[in-house]
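Input: a single structure, listed below in structure tokens.
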Amino acid sequence: MPLGQAITLYTQSFDGVSVPALPVGWTSSASGSQTPWVTATDQMDSLPNAAYSAASSSPGISDLVSPIMMVVGNVAQLSFRHSFSLESGQDGAVLEMKIGGGAFTDIVTAGGSFISGSYTHSISASSGNPLGGAQAWSGDSGGFVSTTIKLPVSAIGQNVQFRWRCATDLSTGSGGWYVDNVGLSGRACCGTDISSPPLIQPASAVLLTESCSPANSTADPGETVTFALGLQNIGAGNASNLVATLLATNGVSSPSGPRSYGTLAAVSPVVSMPFSFTASG
Ligand SMILES: [Ca+2]
Ligand SMILES: [Ca+2]
């Protein structure tokens, strides 16, 4: 049985940013007494950084949300390295997945299956943990371990996102959860042709010039401004002949014409081009 061609669709080592910033496209939010994810240097799988959520001594959840990724191939899997030190059976960490326009649901509920590094505990439902009753990683991993998950067939050909959630109960904080070296890969069985898609996303907007004096670093109504708009290719395939057009919507009128960004290689640095427009309303 031919296994087919393996293809890397996305990787993230968290090493290209200055702590505590998250990489472009990654976001975090927290509720209750938990604090958002950061990058940190005190534990990591690859130098210098890993993503990190602390574990508070009061109830809360901290979420780390990946960029949108497209799943191609006949079989796809997500892998990551992680190190957790969480109050055993009381505080817990889970992975969720969003497929297409659906809601985030636990990776197992979504149809994924653990190839290695599965959940370790049931979280107590009686100590205030918002994920009480769920299967989760908890206790002490003893350093970095690998988790690999076969993604559900329903994810194939879809845009997906992943969410790492670190949830705490009403007592006893601990070391928290470190996540590093996230990888999404696909495999085409039996000669199916797959291609690696680029994935372009906006990365930055820097105000270059303003027509109204004195400059106030803001696009005021009626003012003509020039922004450097940065794009980044976070996909696994190169984007060539990339042309971006600023649309006359959302407060933009009389935009300058299309700009060529040329070729953005896979997992490229940010490339910026200037666009001018008049701010309306
Ligand atoms: Ca790293
Ligand atoms: Ca606790």
Is one or more of the residues making up the range 75-91 in the same structural domain as residue 144 (by TED's automatic domain parsing), touching a residue at least 24 places away in the same chain (Cβ under 8 Å), in contact with a helix residue (DSSP H, G or I) (Cβ under 9 Å, 6 or more places away or on another chain) and not acidic (Asp, Glu)? yes
Does residue 58 satisfy the condition of being more than 16 Å from the chain's Cα centre (by Cα) and assigned to a loop (DSSP other than H, G, I, E, B)? yes
So residue 187 fits all but one of (1) within 21 Å of the chain's Cα centre (by Cα); (2) more than 30 Å from residue 250 (Cα to Cα); (3) assigned to a strand (DSSP E or B); what number is the exception? (1)
Cβ contacts < 8 Å: first residue free of Cβ contacts under 8 Å to residues at least 12 places away in the same chain, restricted to the range 159-175; second residue surrounded by 24 or more Cβ atoms within 10 Å (Cβ to Cβ) and among the hydroxyl-bearing types (Ser, Thr, Tyr), any location; separation 6+ or different chain. Result? none
Just name the residue that is surrounded by the most Cβ atoms within 10 Å (Cβ to Cβ) out of those in the range 20-47 that are within 15 Å of the chain's Cα centre (by Cα), more than 14 Å from ligand 1 (Cβ to nearest atom) and of a type in the set (S, T, N, Q). 28
Can you name the residue in the range 158-172 that is surrounded by fewer than 23 Cβ atoms within 10 Å (Cβ to Cβ) and hydroxyl-bearing (Ser, Thr, Tyr) and, of all such residues, is nearest to residue 126 (Cα to Cα)? 171
Within the range 99-116, is there a residue that is surrounded by fewer than 20 Cβ atoms within 10 Å (Cβ to Cβ), more than 24 Å from the chain's Cα centre (by Cα) and in a loop (DSSP other than H, G, I, E, B)? no
Among (1) without any contact (Cβ under 8 Å) to a residue 60 or more places away in the chain; (2) farther than 24 Å from residue 60 by Cβ; (3) among the polar types (S, T, N, Q) - the single one residue 146 does not satisfy: (1)
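The values are calculated or read from the model by the stated rules, or taken from the named source; none is laboratory data. Since we're looking at a predicted model, the values are computed, not measured. No Cβ is skipped: glycine too gets one built from the backbone with ideal geometry, and neighbour counts run over all protein chains shown.
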